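The values are calculated or read from the model by the stated rules, or taken from the named source; none is laboratory data. Worth saying up front: this structure is predicted, and the values here are computed from it rather than measured. Using ideal geometry, Cβ is built from the backbone for each residue, glycine included, and neighbour counts are taken over all protein chains shown. SASA here: full protein model, heavy atoms, side chains in, ligands and nucleic acids out. Shrake-Rupley method; radii C 1.70, N 1.55, O 1.52, S 1.80 Å.
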Amino acid sequence: MGNVLDTLLDAISNNLADEVKEELRTETFGIGGEIMADIAIDTAAGFIPIVGNAISGYRRNKALKNQSLYIQELCKRLDILEEANNTQEEKLSEKIDDLYIIGSETSAKAKQEEKIKYISNGVLNAIKHNFSYDISILYFSILDRLTILEIEILKQYNLPFYEREEMWDKKIIDDFNITNEGFIAAKKNLLRNGLLQNKTENYLQHDIDELIDSMEKAQKDIINIADYINNNKSKKRLKVSHNKKTKHKTKDSISISKLGNAFIKYFISEDTL
């Protein structure tokens, strides 16, 4: 069994899950979690003792509160933790402890408490389905860069078009009290992180091929016309290709990517638990 997970389950069994107890914190630090590493105040603020202490205290309290919420969320699916704790494989036990630590560190520095339920969900999914540790690190690093606003937008794009709420984008704009420009910026961030994709890129090569084909046919027609004019004594009928208008598929259309779908299944969906 893993040292960290074993300590966590012992704490829960003794009704200590609602608080971040010293025993749990000490064990976590011993494994190398260092969940409080980011609590140290910025160097500039350190020159002003009053402000520095206030910032330090605020960040420490917030980190502890986040840890408490993280543990509470994990406790909602205690069966997954208990089953994982019964494993006798040393490598798997170490991996489970490492996954818990990743979630702990990410929770401690989370600026939005709402993200903690997704963090714990990702840890539980990773433990239950034995996800790759490297993939877990990748997904957690992406989650760390996202806001709740961006997660809500991504969840909508994960739904089939006909299942989305009518005017869902306007509803998100109103709920989060943002401007249309802010909504567009959030979508661009999802595109940069590879969670959304622009179909324009998918159709671009098609349009290039269509254009080249059309140009080649037009070139042949020009040659035929020139030959016909030069040989005006010929009684042959002029033949042209009647080249059709080029049809373009390129358009500005956003959809969820494969990475976005995997991200949703890893962190957001509870169906996989």
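General remarks:
- Per residue, the accessible area of the range 49-185 comes to 55 Å² when a 1.4 Å probe rolls over the protein heavy atoms.
- FRET E, pair residue 255, residue 111, Förster distance 25 Å, beta-carbon r, rounded to 0.05: 0.30
- In order along the range 128-142, phi translates into HN-Hα couplings of 5, 9, 6, 5, 4, 5, 5, 5, 4, 4, 4, 5, 5, 5, 5 Hz, rounded to whole numbers, per the Karplus curve 6.51 cos²θ - 1.76 cosθ + 1.60 with θ = phi - 60° and x for Gly and Pro.
- Around the amide H of residue 196, modelled in the peptide plane, lie the amide H atoms of 191, 257, all under 5 Å away and 5 or more residues distant in sequence or on another chain.
- Across the range 153-165, computed HN-Hα scalar couplings (Karplus, 6.51 cos²θ - 1.76 cosθ + 1.60, θ = phi - 60°) run 5, 4, 4, 5, 5, 6, 7, x, 3, 6, 9, 6, 5 Hz from first to last residue, x flagging Gly and Pro.
- Cross-link pairs exceeding 23 Å between alpha carbons, from the set 95/128; 111/258; 115/187; 62/128; 76/128: 111/258; 62/128.
- Compared with the direct C-alpha span, the chain from residue 78 to residue 134 gains 17.7 nm at full extension, assuming 0.36 nm per residue.
- Extension gain, residue 181-residue 141: 0.36 nm per intervening residue step, less the Cα-Cα distance, totals 11.9 nm.
- Between the range 74-94 and the range 141-167, the alpha-carbon centres lie 30 Å apart.
- Theoretical gain in end-to-end length, residue 191 to residue 170 [0.36 nm per residue, Cα-Cα removed]: 5.6 nm
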